[in-house]
Amino acid sequence: MDFKTQLAPTAGLSHLPVDALLVVIVGQAVPKTLDKALGSLLNDAVKQADFEFKAGRCLYLHRPAGVRAARLAFVAAADASAKAFKAALVAGLGSLKMLGATELAVASVGGEALSAAHAEALAVAASAAVYLYRHTKPSAPAAPRLARVSLLAAKAQVAELTKGLRQGQAVAAGVALAREYANRPANHATPRHLAEQARKLGKQHGFKVEVFDRKKIEKIGMGAFLAVAQGSAEPPRFIVMHYRGAAKSQAPLVLVGKGITFDTGGISLKPGAEMDEMKFDMGGAASVLGTMRAIGELRPRINVVALIPACENMPGSRAVKPGDVVRSLSGQTIEILNTDAEGRLILCDALTYAERFKPAAVVDIATLTGACVIALGHHNSGLFSSDDQLAGELLAASRSALDAAWRMPLDDEYDEGLKSHFADMANIAGRPGGAITAAKFLQRYTTQYPWAHLDIAGTGWQSGAAKGATGRPVPLLTHFVLGRAAA
Ligand code: BES
Ligand code: MN
Ligand code: ZN
């Protein structure tokens with residue numbers, strides 16, 4: 001999808017020759033600055049009780065008299081913020097996306113001047129509106145025809161909004177990639193398939209990509225990762241991607257994504273209901289791939305390393321058993337009391353592997369615990385960090401990217417439940433505070449650098465009617481990387 005800014009016609013929006021025009025209305029009345037023809041249409045709709053100034057309310061008009069646009073939609077925004085603008089766009093685009101229009105112009109009337117954040121939100125919302133999963137569904141309807149979107153801007157805003165659109169387009173491309181790979185079923189999106197995708201991204205954007213197979217992973221000594229992988233006939237992969245945007249001597253950011261391509265629970269088997277959704281258990285890995293794509297397009301001046309341990313968690317005659325003790329890459333031993341707490345086992349070895357890059361910071365992203373869904377629901381990702389500066393940066397990125405995250409505690413008292421009679425630690429504690437004890441487990445492997453953990457179990461995908469991957473937290477991660485590059 002193409003995005004550009006466009007100067008509003010001096011004669012008014014009704015003179016804009018375009019396939020479709022979406023007008024976001026800010027405020028509680030027909031804005032005085034609205035073009036006359038549009039204003040009288042909207043006034044009439046309000047009188048007829050067909051439109052209200054309530055967030056998300058839409059009015060669609062086909063070939064309205066006195067307007068050059070073939071399709072016109074109004075949508076009400078709660079206020080002038082980028083967040084309200086995005087919510088209004090999602091609603092407005094919903095009424096336009098499946099129509100025949102290929103070209104859409106978007107205007108905001110009644111609020112203050114738009115910012116780069118508004119422009120970015122438009123690119124993200126419009127791209128998301130036309131995303132359609134088709135990889136294993138040949139009968140999927142034809143994708144919406146919408147291909148070009150312009151944002152109406154005053155002359156003084158053009159530079160800023162154009163920059164926002166460009167950034168939004170890159171974020172949107174990353175989100176789309178993350179959604180696509182997370183949506184693919186586990187028999188398609190295998191560890192080998194993810195590795196191929198990483199290689200492809202490397203070719204497209206000039207990243208160096210390394211892929212380790214089981215033998216190499218054994219040689220390195222990732223005993224915890226291998227314990228999870230050993231139950232499956234599908235071979236594991238450890239993926240390393242290097243983005244070089246600054247001098248070699250500059251310490252990189254390291255992103256680590258949980259890549260469980262299917263989580264049955266292993267011998268500690270999960271119940272059957274909704275188990276299909278455990279194909280989304282590589283959402284962390286998908287978000288890292290998506291972020292690398294956005295970075296590849298935006299080329300910030302910073303070094304980034306992406307690490308993805310990828311495997312299936314399966315039961316079987318070779319599978320790891322409750323009570324088995326394994327040796328992690330760090331040398332610490334782990335008693336695997338529950339084979340369904342596998343994410344932390346593959347991540348801990350990746351976190352130790354990260355040490356060799358002498359990172360400026362490490363952020364891991366994982367669909368780690370059902371307990372995080374209970375704690376925060378499906379709106380906020382759980383953010384854990386003992387480093388206040390890093391946590392602050394990630395929360396700022398979350399706000400500017402409109403990708404919600406909430407900081408969770410890491411008090412040492414939560415660590416006590418991880419003690420084991422037979423190893424340096426157990427891989428589970430009790431049920432209370434399960435998202436926190438999982439983070440405490442990971443923290444034991446992160447003593448060598450500033451570290452943060454994002455639990456996206458509640459935010460990485462949606463269930464029910466809108467079932468599918470969300471592509472979160474690609475926007476947050478991309479903003480974090482850009483913020484670091486600018487600092
Ligand atoms: N992938 C799951 C976490 C998960 C569960 C995410 C449900 C989204 C929805 C993870 O591997 C897991 O199974 N965690 C266990 C940990 C427990 C055994 C300590 C959990 O959350 O139940
Ligand atoms: Mn599990
Ligand atoms: Zn899992």
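Descriptive notes on the structure:
- Answer residue from region 412-434, given it is closer than 19 Å to V373 by Cα and assigned to a loop (DSSP other than H, G, I, E, B) and is nearest to the chain's Cα centre (by Cα) among those: G433
- Only one of K208, K200 that is out of contact with any Phe, Trp or Tyr (no Cβ under 9 Å at 6 or more places or on another chain), at pLDDT 95 or above and not aromatic (F, W, Y): K200
- Any chance T339 is farther than 29 Å from A247 by Cβ, within 16 Å of ligand 2 (Cβ to nearest atom), polar (S, T, N, Q) and more than 26 Å from the chain's Cα centre (by Cα): yes
- Hits in region 255-282 - residues which are among the polar types (S, T, N, Q) and either within 10 Å of ligand 1 (Cβ to nearest atom) or in contact with a His (Cβ under 7 Å, 6 or more places away or on another chain) (or both): T264, S268
- Residue within region 144-155 that is free of Cβ contacts under 8 Å to residues at least 24 places away in the same chain and in the same structural domain as L93 (by TED's automatic domain parsing) present: no
- Options Q48, Q6; residue that is over 38 Å from the mean Cα position of the chain (by Cα) and either open to solvent by 50 Å² or more (accessible area, probe 1.4 Å) or not assigned by TED's automatic domain parsing to the domain that holds G110 (or both): Q48
- Selection of region 38-95 for residues being at positive phi and of a type in the set (S, T, Y) yields an empty set.
Quick grid of which residues meet (1) at positive phi; (2) in contact with an Asp or Glu (Cβ under 6 Å, 6 or more places away or on another chain); (3) not in a loop (DSSP other than H, G, I, E, B):
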| residue | (1), (2), (3) |
| --- | --- |
| R407 | no, no, yes |
| L410 | no, no, no |
| I436 | no, no, yes |
| K440 | no, yes, yes |
| Y449 | no, no, no |
| L454 | no, no, yes |
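- The residue that is nearest to ligand 1 (Cβ to nearest atom), counting only those in region 355-378 that are part of a helix (DSSP H, G or I) and surrounded by fewer than 16 Cβ atoms within 10 Å (Cβ to Cβ), is G370.
- When region 456-482 is filtered for residues that are in a loop (DSSP other than H, G, I, E, B) and more than 16 Å from ligand 3 (Cβ to nearest atom), the ones remaining, listed by number, are K467, T470, G471, R472, P473.
- Exclusive hit being free of Cβ contacts under 8 Å to residues at least 12 places away in the same chain and open to solvent by 10 Å² or more (accessible area, probe 1.4 Å), set H15, H62: H62
- Test set (1) under 22 Å from the mean Cα position of the chain (by Cα); (2) surrounded by fewer than 20 Cβ atoms within 10 Å (Cβ to Cβ); (3) modelled with pLDDT of 95 or more - G94 fails condition number: (3)
- Residue count for region 157-166, restricted to those that are touching a residue at least 24 places away in the same chain (Cβ under 8 Å), among the hydrophobic types (A, V, I, L, M, F, W, C) and more than 22 Å from A101 (Cβ to Cβ): 1
- Whichever residue in region 148-164 is among the small types (G, A, S) and part of a helix (DSSP H, G or I) and, among such residues, is most open to solvent (accessible area, probe 1.4 Å): A156
- All conditions in (1) within 16 Å of ligand 3 (Cβ to nearest atom); (2) free of Cβ contacts under 8 Å to residues at least 40 places away in the same chain hold for S317, with the sole exception of (1).
This table checks each residue for (1) within 14 Å of ligand 1 (Cβ to nearest atom); (2) surrounded by 22 or more Cβ atoms within 10 Å (Cβ to Cβ); (3) at positive phi.
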position: G284; (1), (2), (3): yes, yes, no
position: R293; (1), (2), (3): no, yes, no
position: I308; (1), (2), (3): no, yes, no
position: G323; (1), (2), (3): no, no, yes
position: E335; (1), (2), (3): yes, no, no
position: G343; (1), (2), (3): yes, yes, no
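The values are calculated or read from the model by the stated rules, or taken from the named source; none is laboratory data. In this text, all values refer to a predicted model and were calculated from it rather than measured experimentally. Virtual Cβ from ideal backbone geometry, glycine too; neighbours counted across all protein chains shown. Heavy atoms of the whole protein, side chains included, go into the accessibility calculation; ligands, DNA and RNA do not. Shrake-Rupley method; radii C 1.70, N 1.55, O 1.52, S 1.80 Å.
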